[in-house]
Amino acid sequence: MSTAGGTAGYVARWGPPSVSPPAAAFARAAVARCGDLDRERAKNLLWAAGKLADHGIALGLQAEPAVLLHPSVIERFAAHSPGLSPSARRTLRTNLRFVARRVVPALRVPDAPLGRERAKPPYSQAEIAGFLALAAAQPTAGRRMHATALICLGAGAGLTGADLRAARGTDIVSRSGGVVAVVRGGRAPRPVPVLTGYHDRLLEAAQYAGDRLICGGRDPSRRNVTCPLVSRLAGAAALTGLPAFLPAAGITCCQRLGDITAGLDPGCEEQAAALPGSRAR
């Protein structure tokens with residue numbers, strides 16, 4: 001069966017339980033008129049058209065292309081439909097405009113601004129130093145190297161998502177006096193320069209990994225490869241108890257700790273309550 005034929009069959013059968021039967025019928029009829037599509041593209045268009053149809057039917061609109069694919073209906077759905085993130089609104093509007101241009105080409109969809117998320121502030125140098133120190137304190141060489149590589153590739157090269165999960169030790173290359181992380185797969189294969197301060201640590205992690213995944217895991221297509229690694233780091237910090245801190249501070253017994261704190265200025269309770277990890281008493 002050809003790809004086009006397979007997609008046509010998928011469109012004709014589409015009808016998830018999260019979309020009402022009338023909305024699914026509208027989506028199938030609309031997407032069937034959009035020409036040759038691959039299955040993933042057809043799935044996205046069907047979902048957008050089905051959500052639009054459910055929204056319009058709930059408002060009392062007729063499930064017809066000239067009505068539901070009208071610019072004002074698409075804009076109202078994209079801007080005011082509840083329970084959608086800003087990125088989901090932009091994606092749905094783009095897909096619905098695509099369908100409208102092919103099904104009702106006489107209608108023109110005007111532009112209207114939609115909200116965008118603001119970029120989060122970057123980590124400070126002190127925070128990065130703390131992450132690297134936490135990585136260096138891991139109990140095994142594998143954890144130390146994987147955590148270090150994760151920090152160096154994220155903060156030092158800006159890699160995220162599939163590019164970060166698929167990176168191998170052999171993808172870290174010394175070139176022209178610098179270090180480059182070679183992204184070989186994904187949507188944008190490219191060499192990415194690494195900031196100078198991360199070179200030594202990243203090269204050490206790359207040598208340890210060899211041809212294996214530098215951040216750990218076995219399958220780069222598996223999602224959330226880095227989440228267990230990060231959770232282990234956070235867990236290691238959170239589970240460090242008082243007995244681990246006493247020897248590091250040169251205190252041999254809890255009584256001695258009590259003698260030290262008894263002579264300290266108790267300070268302000270409001271200031272103490274504002275400290276990280278403090279609880280209201």
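Semi-axes, largest first, in whole Å: what does sqrt of 5 times each Cα gyration tensor eigenvalue give for segment 3-103?
20, 14, 13
Considering amide H positions built from the backbone, and no H for Pro or chain starts, which residues 5 or more places from Val179, or on another chain, come under 5 Å of its amide H?
For Val179, whose amide H was placed from the backbone, the distant partners under 5 Å are Val194.
What is the ratio of the Cα radius of gyration of segment 112-169 to 2.2 N^0.38 Å, with N the residue count, to two decimals?
For segment 112-169, the normalised Cα radius of gyration comes out at 1.44.
Which whole-Hz ³J(HN,Hα) couplings does segment 51-62 yield from phi under the Karplus relation 6.51 cos²θ - 1.76 cosθ + 1.60, θ = phi - 60°, glycine and proline marked x?
Whole-Hz 3J(HN,Hα) from phi for segment 51-62: 5, 4, 5, 4, 5, x, 4, 5, 8, x, 7, 6.
Tell me, what HN-Hα J-couplings in whole Hz come from the Karplus equation 6.51 cos²θ - 1.76 cosθ + 1.60 at θ = phi - 60° for each residue of segment 132-148, using x for Gly and Pro?
Rounded to whole hertz, the list is 5, 5, 5, 5, 5, 8, 5, x, 10, 5, x, 5, 4, 6, 5, 5, 5.
Values in this text are rule-based calculations from the coordinates and carry no lab data. Just so you know, these numbers come straight off a predicted model, no measurement behind them.
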